[in-house]
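Here the structure comes first, spelled out in structure tokens, and everything after it is commentary.
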Amino acid sequence: MDLSMLTATQIIVTAMVCLLAFVFHKRTHKRSGKNPLPPGPIGFPVVGYIPFLDKEAPYKSMTDLGTKYGDVFMLQMGSRNVVVLLSYEAIKEAFITKGDSFNGRPRMVLSDLFSAGRGIVFSTFNEAYKEQRNFAVSGLKRFGWGSSAFEVNIIREVNGLIETFQHLKGKPFDPFHYVRNSVSNIICSLIFGRRFHPDDRDFRNLLTTHYRNMKYSGSAAAVNFLPILQYLPFGNYKRVLENHMYLRDCQTAMIDKHRQTHNPNDIRDFLDLYIHEIDTRHQKGQSSSFDYDNIRRVANELFTLGTETTSTTILWSLLYMITYPDIQRRVQKELFDVLGDRLPTIDDKPKLPYVEATILEVQRSACVVPLTVPHCAMEDTQLHGYHIPKDTVIMANLWSVLHDPKHWHNPDEFRPDRFLNDKGEIEKPETFIPFSTGARMCLGDQTAKMELFLFFSCLMQKFSFSHPEGTPYPSLVGKTGITRSPKSFEVCAVDRETQDSETDNAFVTGIKQ
Ligand code: HEM
């Protein structure tokens with residue numbers, strides 16, 4: 001063998017070994033008195049670990065990595081370091097104990113497109129963020145949000161949905177548009193002061209474009225880690241961009257209409273209240289985060305999150321009920337035993353523990369926001385004994401927390417009883433965090449719980465749901481976008497009163513015994 005070649009090969013091999021040793025050392029050992037970085041797998045150059053994650057269920061791939069690397073590990077994803085938190089204990093330490101260090105939001109291509117670091121959801125943890133979040137909560141409350149007065153708004157939409165289902169007379173249908181339309185109307189009446197008819201073409205377009213964007217954003221998420229992808233003339237990022245422009249125009253038109261008819265003595269809805277705040281601060285010469293750019297961002301975020309997450313959970317609840325008819329029958333029996341034939345109200349909730357346990361189990365099993373909204377480290381800090389550099393992206397894996405066998409016996413089993421104690425009362429473990437936890441926790445959780453209870457209990461009281469005869473049971477495997485939603489499915493909704501009077505069947509008598 002040529003000696004000079006051997007030397008060249010040796011040099012290359014030695015250099016590679018040194019490089020790997022350096023990378024390994026950097027990731028796993030104390031450096032100059034600092035704690036080590038979290039451990040984690042090594043991916044490919046440039047793209048990092050992205051190609052190894054399941055595109056449909058990245059939260060599951062991350063959960064699997066926990067077996068080898070523990071509850072806190074680091075993935076290189078494109079140009080970013082991402083720390084994944086798998087356990088409740090790790091999330092609690094980051095978002096509650098060390099919230100001041102971990103409640104930031106990373107600047108990323110998609111969040112910059114939607115919010116440019118402003119609004120609420122993608123804004124980092126600064127004064128402008130606190131001002132906007134506090135204003136949104138108190139402003140929405142002014143219109144009854146979360147209070148019993150708000151129940152009227154929800155019940156109006158539930159009744160509309162019941163009527164629609166009754167018209168379908170037990171024939172198979174896809175509940176997707178009907179449910180989203182009803183849920184969306186609740187937030188629309190607060191923000192825009194109006195609700196929309198299910199057949200309103202513009203509204204349908206708006207909702208469909210919104211939904212598509214949530215899904216495309218999930219598939220385009222790689223652009224957040226490989227920003228160069230945004231310059232491709234094709235692909236999902238381009239679709240997100242086009243849809244975003246359309247939605248922006250719709251919102252601007254809605255806001256302009258409000259500005260033209262604005263009367264400070266007659267505040268009709270959240271947009272009016274926000275416009276009033278902009279004007280008042282402007283008149284006082286105060287500089288603030290309230291302006292016509294931010295109103296659009298905040299309104300859009302409340303509309304999107306107020307629609308998407310809750311309607312997706314209601315769709316999952318229908319899917320679980322047709323998959324587990326025995327559980328559906330038990331829910332209906334409790335409703336009949338406690339209420340007779342009347343529809344439930346929010347005051348009935350404490351008397352209906354099995355109904356509530358079923359909703360909680362749907363939220364746990366479906367986990368509609370499996371990876372939360374990414375957080376980021378706002379300074380060099382420590383977590384779980386590891387060093388976390390400033391600007392590291394933090395992904396809290398709610399899926400793994402809600403399916404952690406340490407806290408949930410047989411987590412893949414759908415069993416509402418796990419939320420009931422020996423006395424049949426609701427018992428919610430601390431680890432049940434579908435709305436996340438800490439200062440950045442969902443701001444709509446109270447309203448969402450109210451909506452989930454009223455929609456679910458009223459629909460169960462009114463109808464028996466089943467999958468169309470002769471078709472296979474629909475899949476419980478979710479589609480991942482920004483939320484985890486069910487694949488489209490068909491359902492038959494048979495009016496229980498008609499079923500009662502038309503049949504003498506053992507099923508109904510079984511419920512009402
Ligand atoms: C079942 C329904 C819902 C679920 C499961 C849910 C879940 C979540 C989760 C996991 C987060 C991320 C928290 C974090 O970053 O740590 C979040 C944030 C947020 N949610 Fe919800 N959500 C729901 C309904 C709603 C509703 C009805 C609204 C209101 C209109 C809403 C508004 C928001 C907002 C504004 C944020 C951002 C909070 C912040 O960054 O400070 N959500 N939600």
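Give a residue-ordered list of calculated ³J(HN,Hα) values for the stretch 145-162 (Karplus: 6.51 cos²θ - 1.76 cosθ + 1.60, θ = phi - 60°; whole Hz; x for Gly, Pro).
Result, rounded to whole Hz: 3, x, 9, 5, 4, 5, 4, 4, 4, 5, 4, 4, 6, 4, 4, x, 5, 4.
If packing is taken as the average number of other Cβ atoms within 10 Å across a peptide's residues, how do 239-250, 435-446 rank, most packed first?
The peptides rank, most packed first, as 435-446, 239-250.
Label point 7 Å out from residue 200 along Cα-to-Cβ: which residues of the stretch 281-316 have amide N under 16 Å?
300, 303-304, 307
Can you spot the aspartates and glutamates whose alpha carbon is less than 16 Å from residue 215's alpha carbon? Ignore those fewer than 8 places along the same chain.
Output for residue 215: 54, 56, 242, 301, 308.
Going by a ≥ b ≥ c, the root eigenvalues of the Cα gyration tensor, does the stretch 31-512 fall in the rounded group (a/c under 1.5), the prolate group (a/b larger than b/c) or the oblate group?
Oblate, because a/c is 1.5 or more while a/b does not exceed b/c.
In the chain, what percentage of the DSSP-assigned beta bridges are antiparallel, given to the nearest 5?
Taking every DSSP beta bridge with both residues in the chain, the antiparallel ones total about 85 percent.
Sorted by accessible area (1.4 Å probe), largest first, how do 155, 96 line up?
Accessible-area ranking of 155, 96, largest first: 96, 155.
Based on DSSP H runs of at least 4 residues, each adding -39500 (n - 2.57), what is the mean residue ellipticity at 222 nm of the chain after dividing by all its residues, to the nearest 500 deg cm²/dmol?
That comes out to -16500 deg cm²/dmol.
To the nearest 0.05, what FRET efficiency results for residue 338 and residue 167 with a Förster distance of 25 Å applied to their C-beta separation?
0.35
Once you've got the Cα coordinates, tell me which of 55/333; 284/390; 60/92; 60/98 are over 30 Å apart.
As for pairs spanning more than 30 Å Cα to Cα, those are 55/333; 284/390.
Given the whole protein assembly as supplied and a 1.4 Å probe, what does the accessible area of residue 226 come to in Å², nearest 10?
Roll a 1.4 Å probe over it and residue 226 shows about 30 Å².
Within 10 Å of each candidate Cβ there may be at most 10 other Cβ atoms; applying that plus a DSSP loop requirement, which GluC sites (Glu not before Pro) in the stretch 441-491 survive?
469
Under 5 Å between amide hydrogens, which residues at least 5 positions from residue 388 or on another chain qualify, with H placed 1.01 Å from N in the peptide plane?
381, 382, 383
Count charges around residue 288 for me, please; just the other residues with Cβ under 9 Å from its Cβ, Lys/Arg as +1, Asp/Glu as -1.
-2
Just order 207-214, 295-302, 42-49 by mean Cβ neighbour count inside 10 Å, highest at the front, would you?
Result, highest mean Cβ count within 10 Å first: 295-302, 207-214, 42-49.
For the stretch 358-435, run through the trypsin sites (Lys or Arg not before Pro) and keep only the ones in DSSP coil with at most 16 other Cβ atoms within 10 Å of their Cβ.
Within the stretch 358-435, the qualifying trypsin sites (Lys or Arg not before Pro) (loop, at most 16 other Cβ atoms within 10 Å) are 390, 406, 423.
For residue 232, what accessible area in Å² do you get when you roll a 1.4 Å probe over the heavy atoms of the protein chains, rounding to the nearest 10?
Roll a 1.4 Å probe over it and residue 232 shows about 70 Å².
Rounded to the nearest whole Å², what accessible area per residue is found for the stretch 31-512 with the 1.4 Å probe?
43
Compute the long axis of helix 3-28 from its Cα atoms, compare it with the longest principal axis of the Cα atoms of the chain, and write down the angle in degrees, 0 to 90, nearest 10.
The answer is roughly 50 degrees.
Pop out the carbon and sulfur fraction of the accessible area of the stretch 31-512 as a percent, whole number, probe 1.4 Å.
Accessible surface attributable to carbon and sulfur in the stretch 31-512 totals 52 percent.
Under unit Cβ charges (Lys, Arg +1; Asp, Glu -1), what dipole magnitude, rounded to 20 debye, does the chain have relative to its Cα centre?
1300
In whole Hz and in residue order, list the ³J(HN,Hα) couplings for the stretch 195-202 that follow from phi through the Karplus curve 6.51 cos²θ - 1.76 cosθ + 1.60, θ = phi - 60°; x for Gly and Pro.
Karplus values, whole Hz, x for Gly and Pro: 10, 10, 6, x, 8, 4, 5, 4.
What residue among 305, 438, 358 has its Cα farthest toward the positive end of the dipole of the stretch 303-450, where the charges are +1 on Lys, Arg and -1 on Asp, Glu, each on the Cβ?
Positive-end residue among those listed: 358.
Amide H neighbours of residue 372 under 5 Å, counting only residues 5+ apart in sequence or on other chains, H built in-plane at 1.01 Å?
Placed amide hydrogens put 398 under 5 Å from residue 372.
Answer rounded, prolate or oblate for the stretch 248-295, using the Cα gyration tensor with square roots of eigenvalues a ≥ b ≥ c: rounded when a/c is under 1.5, else prolate when a/b is larger than b/c, else oblate.
Cα axes put the stretch 248-295 in the oblate bin.
Going by the alpha-carbon gyration tensor, a ≥ b ≥ c the square roots of its eigenvalues, is the stretch 160-306 rounded (a/c under 1.5) or, if a/c is not under 1.5, prolate (a/b greater than b/c) versus oblate?
Judged from the Cα gyration tensor, the stretch 160-306 comes out oblate (a/c at least 1.5, b/c at or above a/b).
Of 378, 190, 394, which is farthest towards the positive pole of the stretch 31-512's charge dipole, taken about the Cα centre with +1 and -1 on the beta-carbons of Lys, Arg and Asp, Glu respectively?
It is 378.
The values are calculated or read from the model by the stated rules, or taken from the named source; none is laboratory data. Given the structure is predicted, the values throughout are model-derived calculations rather than measurements. Glycine gets a Cβ as well: all are built from the backbone with ideal geometry, and neighbour counts include every protein chain shown. Keep in mind that these areas ignore ligands, DNA and RNA; they rest on the heavy atoms of the full protein, side chains included. Shrake-Rupley method; radii C 1.70, N 1.55, O 1.52, S 1.80 Å.
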